[in-house]
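Q: Let me give you the structure first, and then I'll get to my questions.
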Amino acid sequence: PISYSTTTTIIGTAQPAITTGFCYTYTLTGTDNVGNTASVSTIVKVDTTAPTAPTPTLSAATGNTFLSGTTAFINAQAGKSGGFTVTSAPTDGESGILKVNFPALTGFTSGGGDDTISPYTTTYAWSGAVGASGAQTVTATNNAALTSTATFTITPDVTSPVSGAVTVNGVAATGGG
């Protein structure tokens with residue numbers, strides 16, 4: 001076996017000021033005792049800012065689901081079902097978007113998880129009584145592992161309307177027939 005007992009000394013310059021949105025090339029060059037050299041380089045992209053908020057857009061309501069802005073109203077009771085799609089379009093000018101995470105909704109049969117391909121989307125489906133309710137958080141992660149969040153809301157609506165009136169040609173209906 002060959003035994004090596006050499007000491008390596010690395011001489012360099014002071015660390016430069018690092019600024020977000022820039023790329024830096026670092027090169028390490030070594031020279032042996034007879035003049036042979038070898039170099040390796042790497043590019044470092046600096047990103048210290050989070051991606052834009054992953055503002056969710058709700059669409060494609062099916063069954064017993066009604067959408068209004070960023071709220072999904074669901075008639076979550078036995079014999080009822082439905083679904084909807086959530087799309088998000090965060091951006092990141094420095095390192096780019098790694099993924100968007102959509103929440104798993106309690107009791108839903110599909111939807112949620114990570115999406116790594118733009119447009120970032122998931123389709124939720126539910127059937128019967130489900131436990132999802134309230135604000136649901138969507139998280140965007142950039143390639144520097146920085147995150148931003150936004151929410152949409154699930155609102156169970158299982159209460160029938162309590163009153164109403166029918167008007168025909170400006171005259172209120174007063175009875176059946």
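The values are calculated or read from the model by the stated rules, or taken from the named source; none is laboratory data. Only a predicted model underlies this, so the values are computations on that prediction, with no experimental measurement involved. Reconstructed Cβ throughout: ideal geometry from the backbone, glycine too, with neighbour counts over all protein chains shown. What goes into the accessible areas is simple: the full protein's heavy atoms, side chains included, and nothing from ligands, DNA or RNA. Shrake-Rupley method; radii C 1.70, N 1.55, O 1.52, S 1.80 Å.
Q: Output wanted: per-residue J couplings in Hz (rounded whole) for the range 41-47, from phi through Karplus 6.51 cos²θ - 1.76 cosθ + 1.60, θ = phi - 60°, x for Gly and Pro.
A: So the Karplus estimates, Gly and Pro as x, are 10, 9, 9, 10, 9, 9, 9 Hz.
Q: Sort the range 113-177 into rounded, prolate or oblate with this rule: let a ≥ b ≥ c be the square roots of the eigenvalues of the Cα gyration tensor; rounded if a/c is under 1.5, and if a/c is not under 1.5, prolate when a/b is larger than b/c, oblate otherwise.
A: prolate
Q: Under 5 Å between amide hydrogens, which residues at least 5 positions from residue 109 or on another chain qualify, with H placed 1.01 Å from N in the peptide plane?
A: Those lying under 5 Å, H to H, from residue 109 are 125, 126, 127.
Q: Nothing charged except the Cβ atoms of Lys and Arg (+1) and of Asp and Glu (-1): what's the magnitude of the dipole of the chain about its Cα centre? Round to the nearest 20 debye.
A: Around 320 debye, computed over the chain.
Q: Now for a separate question. Full extension from residue 60 to residue 22: what is 0.36 nm times the residue separation minus their Cα-Cα distance, to one decimal in nm?
A: Extending this stretch completely gives an extra 9.6 nm.
Q: Once the mean 1/r over all distinct Cα pairs of the range 50-100 is inverted, what Kirkwood radius in angstroms do you read off?
A: By the Kirkwood definition, the hydrodynamic radius is 12.7 Å.
Q: Separate question: How much of the accessible area of the range 129-177, in percent, comes from carbon and sulfur atoms when a 1.4 Å probe is used?
A: The computed percentage sits at 52.
Q: Can you compute the label reach from residue 173? Point 7 Å from Cα along the Cβ direction, backbone N cut-off under 11 Å, restricted to the range 62-105.
A: In the range 62-105, the label zone of residue 173 (backbone N under 11 Å from the point 7 Å along Cα→Cβ) covers no residue.
Q: Of the options 108, 82, 166, report the single residue whose Cα projects farthest towards the positive end of the charge dipole of the chain (beta-carbon charges: Lys, Arg +1; Asp, Glu -1).
A: The listed residue farthest towards the positive side: 166.
Q: What whole-number value in Å² describes the accessible area per residue of the chain for a 1.4 Å probe?
A: The answer is 64 Å² per residue.
Q: Roughly how large, in nm² to one decimal, is the mean projection of the convex hull of the alpha-carbon atoms in the range 12-113?
A: It is 11.1 nm².
Q: Okay, moving on. Would you indicate which of (1) 56, 31, 22; (2) 108, 42, 20; (3) 60, 37, 34 is the value of Cα extents along the principal axes in Å derived from the coordinates of this structure?
A: (2)
Q: How far is it, in nm, from the label point at residue 155 to the one at residue 123 when both lie 7 Å from their Cα along the line to the Cβ?
A: 2.6 nm
Q: Moving on to the next point. Quick one: length gained pulling residue 34 to residue 91 fully straight, 0.36 nm per residue minus the C-alpha distance?
A: So the extension gain works out to 15.4 nm.
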